[in-house]
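*Asks:* Dropping the structure in here first, questions after.
The values are calculated or read from the model by the stated rules, or taken from the named source; none is laboratory data. These numbers come from a predicted model, not from an experiment. Using ideal geometry, Cβ is built from the backbone for each residue, glycine included, and neighbour counts are taken over all protein chains shown. Calculation scope for accessible area: heavy atoms of the full protein, side chains included, ligands and nucleic acids excluded. Shrake-Rupley method; radii C 1.70, N 1.55, O 1.52, S 1.80 Å.
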Amino acid sequence: MVKLHTEAYESFKLLEEQKYETRATHIFNCEPSLAVFLLWCNIEVLLRLNKYYDKIQDPWPNDLSFIHASWRPLKHIKGINVDAYNAIFVGPKSLWKIRNKIAHTGKFIEKNEVEYFVEYAKFVIDCLNSGLPKRSDFLTKKKNSDAQKNRGRK
């Protein structure tokens, strides 16, 4: 029986259950920093799933060192909307770096400081979601990859 990495199953479950965007929209006015943090969580889950699919025989991508403009999904996003790519991933004022500040210090960030992230984050989420293969595609790729790996051992 073909099995994906446990983290892949958990990530699919998070996407189905957490409703990140709905929750972020609901709390944006009272907790804007937490709202954009939730949007980042959604992006991160999608990034990891996409990376795992690309390299399904590799271990689960625990760190985010694969985030760069030349990686296929991000190259696609940058090609369509460079402003969204930059706002989310590039520089000390990117959502990625702001997220670190929120996560590691619990810092409250004013609504006017994070508002512009919302539209860009939703765009990135939509792009990553639209390019994410279905769970059944993951299983098929893993099965084929395992079969090829096993053929090489004989």
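*Asks:* Taking 22 Å as R0, compute the FRET efficiency from the Cβ-Cβ separation of H26 and K93 and round it to 0.05.
*Replies:* The computed FRET efficiency comes out at 0.30.
*Asks:* Please give the per residue accessible area of the chain, computed with a probe of 1.4 Å over protein heavy atoms only, in Å².
*Replies:* 58
*Asks:* Using θ = phi - 60° and the Karplus curve 6.51 cos²θ - 1.76 cosθ + 1.60, what whole-Hz ³J(HN,Hα) does each residue of the stretch 127-142 get, with Gly and Pro shown as x?
*Replies:* With the stated coefficients, the stretch 127-142 comes to 5, 5, 5, 5, x, 6, x, 6, 4, 4, 5, 4, 5, 5, 4, 5 Hz.
*Asks:* In a Gaussian network model over the chain where Cα atoms closer than 10 Å are linked, find which of K107, K78, K51 has the largest mean-square fluctuation.
*Replies:* Sorting by GNM fluctuation, first place goes to K107.
*Asks:* Hey, in the GNM for the chain with a 10 angstrom Cα cutoff, which one of H104, H68, H76 fluctuates hardest?
*Replies:* H104
*Asks:* What does the extension gain come out to for Y9 and W71, with contour length at 0.36 nm per residue minus their alpha carbon separation? Please list the in-between numbers first.
*Replies:* Numbers: separation 62, 0.36 × 62 = 22.32 nm, distance 2.29 nm.
Result: 20.0 nm gained on full extension.
*Asks:* Using every pair of alpha-carbon atoms in the chain, split the distances into 10 Å bins beginning at 0 and state the percent of pairs per bin, rounded to integers.
*Replies:* 10, 38, 33, 13, 5, 1, 0
*Asks:* Also, I was wondering about something else. If the reach is capped at under 24 angstrom between alpha carbons, list the lysines near K13, excluding any in the same chain fewer than eight residues apart.
*Replies:* List returned: K3, K51, K55, K122, K134, K141, K142, K143.
*Asks:* If you don't mind, another one. Probe radius 1.4 Å, ligands and nucleic acids ignored: give me the carbon and sulfur share of the accessible area of the stretch 70-149 as a rounded percent.
*Replies:* Carbon and sulfur together cover 51 percent of it.
*Asks:* Let me ask another. Mind jotting down the distance between the C-alpha centroids of the stretch 94-117 and the stretch 1-63, whole Å?
*Replies:* So the two Cα centres are separated by 18 Å.
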